[in-house]
Amino acid sequence: MSVMVTGGFGHIGSWVCHELVKKGHTVLAVDRSHRDLSYLKGMEDKITHVSVDVLDQAALNNLFLEHKDSLDGVIHIAGLIGG
C-alpha cells in the first residue's frame with residue numbers, strides 16, 4: 001500500500017512513517033521542513049519526501065494530481081504549532 005502522510009517529518013508523523021514502512025508500505029511524506037531523521041536510516045527507498053506546505057492549496061492539489069494513481073490513502077497529521 002502507498003500512503004501519503006502530511007506532517008510526515010514532524011514528531012508524530014515521522015513515527016507514523018516509520019511504522020508504515022515496518023509493515024511493508026511505501027510512504028509519501030509531505031512536510032514543509034526537513035529534519036534529522038537518522039532513525040529512519042535504511043528506509044530511504046520506501047519514504048519519499050516532498051516539501052509542500054499544506055496551507056498552499058494549489059501545491060497540494062498538484063501533489064494529489066501527480067500521485068492520484070499511486071496513492072491508496074492519506075493520513076493527515078500536519079498542524080500548526082504555537083498560537
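Annotations
- Sparse-neighbourhood loop sites, GluC sites (Glu not before Pro) in the chain - DSSP loop, at most 14 other Cβ within 10 angstrom: E44
- The chain: relative contact order as a whole-number percent, Cα under 8 Å and 6+ apart: 39
- When +1 charges are put on Lys and Arg Cβ atoms and -1 charges on Asp and Glu Cβ atoms, the dipole computed for the chain relative to its Cα centre reaches about 220 debye.
- Extending 7 Å from Cα along the Cβ direction at L60 and again at H76 yields two label points whose distance is 0.6 nm.
- Under-5 Å amide H pairs with T48, H placed in peptide plane, nonlocal only: V27, L28, A29
- Evaluating 6.51 cos²θ - 1.76 cosθ + 1.60 at θ = phi - 60° for every residue in the stretch 68-74, the Karplus couplings come out as 4, 8, 10, 8, 9, x, 10 Hz, glycine and proline recorded as x.
- Share of pairwise Cα separations in the chain, more than 15 Å, in percent: 52
- Modelled label positions at K41 and H18, each set 7 Å beyond Cα in the direction of Cβ, lie 1.4 nm from each other.
- Ranking S2, G42, V54 by Cα position along the charge dipole of the chain, where only Lys, Arg, Asp and Glu carry charges on their C-beta atoms, puts G42 farthest toward the positive end.
- Counting only residues at least eight positions apart within a chain, or on another chain, the lysines with an alpha carbon under 27 Å from that of K68 are K22, K23, K46.
Every number here is computed from the coordinates shown, using simple stated rules; none is lab data. Since we're looking at a predicted model, the values are computed, not measured. Note: ideal-geometry Cβ built from the backbone for every residue, glycine included; neighbour counts use all protein chains shown.
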